[in-house]
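The values are calculated or read from the model by the stated rules, or taken from the named source; none is laboratory data. This one's a predicted model, so the numbers in the text were calculated from it and none came from an experiment. Please note: Cβ atoms are built from the backbone with ideal geometry, for glycine as well, and neighbour counts cover all protein chains shown.
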Amino acid sequence: MALSFVEYTTSGAGPYPITFHAPRAADLVVTLDGDPLLITTDWTVDSGNLNLTLVVPDVGGALKIARVTSLFDADLPVSFTDGAAITKPNLDDAVHDLNHKIQELDDALDEVTGDQGPPGDDGSPGLVWRGPWDSLTSYDAPDVVEYLGSSWVALGPSLNSPPDANPSDWDLVAQKGDDGADGQDGQDGVGDEQMVFMGL
């Protein structure tokens, strides 16, 4: 549900309830069939900004009433200046304005991204690791085995079919790398000498 706008199909002059918090009529943007309407010329609101009435009645049009909160200092009901005292009502008004702007941005994002569609179909199963290849084990796609240091994926059912010799049953996933060079021999350790007393 939108927190910063409401839409109606017009059925005359109204009134049309404003279902969101709108402390200032100047923050309201009203459109009819996408065309902007002007306050007092085309529409009016009651004293609490709770209901909107069209000056010229309309039937069957798409009416949208939205709140667009400005965060520019000149448009805010409260201006904070250096060295001035900050009161609780001033802070409350500023927090309301920020909250309104967050709601409006969230509603705008929903309109851009649209509704979430139905979930997609399940994808194909991932690879199944079966460990070292065994001649007595039956394999089928998408089983993966280790054979002679390399990884192989089964392409279909097989039994006693060594992966490296049966390309119709197996496909190479990762090949074993070359053995590294031998490391250098370590230095001989130097132990502490111990004296053993053998007795007299």
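Odds and ends about this structure:
- Tally of residues being surrounded by fewer than 16 Cβ atoms within 10 Å (Cβ to Cβ), of a type outside the set (S, T, N, Q) and more than 24 Å from H96 (Cβ to Cβ) across the stretch 16-41: 5
- Filter pass, T10 being in a strand (DSSP E or B) and assigned by TED's automatic domain parsing to the domain that holds A108: yes
- Of everything listed in (1) under 30 Å from A2 (Cα atoms); (2) assigned to a strand (DSSP E or B), the single unmet condition for G117 is (2).
- Per this entry, D35 is counted among residues that are in the same structural domain as L63 (by TED's automatic domain parsing), at pLDDT 90 or above and among the charged types (D, E, K, R).
- The residues listed here are L91, L105, L71; of these, the one that is at pLDDT 80 or above and among the aliphatic types (A, V, I, L, M) is L105.
- Residues that are at pLDDT below 90 and assigned to a loop (DSSP other than H, G, I, E, B) do occur in the stretch 163-176.
- Members of the stretch 114-130 found to be exposed (fewer than 10 other Cβ atoms within 10 Å of the Cβ) and within 28 Å of W152 (Cβ to Cβ), listed by number: D122, G123, S124, P125, G126
- Output for the stretch 42-64, where each listed residue is buried (at least 16 other Cβ atoms within 10 Å of the Cβ) and of a type in the set (A, V, I, L, M): V45, L52, L54, L63
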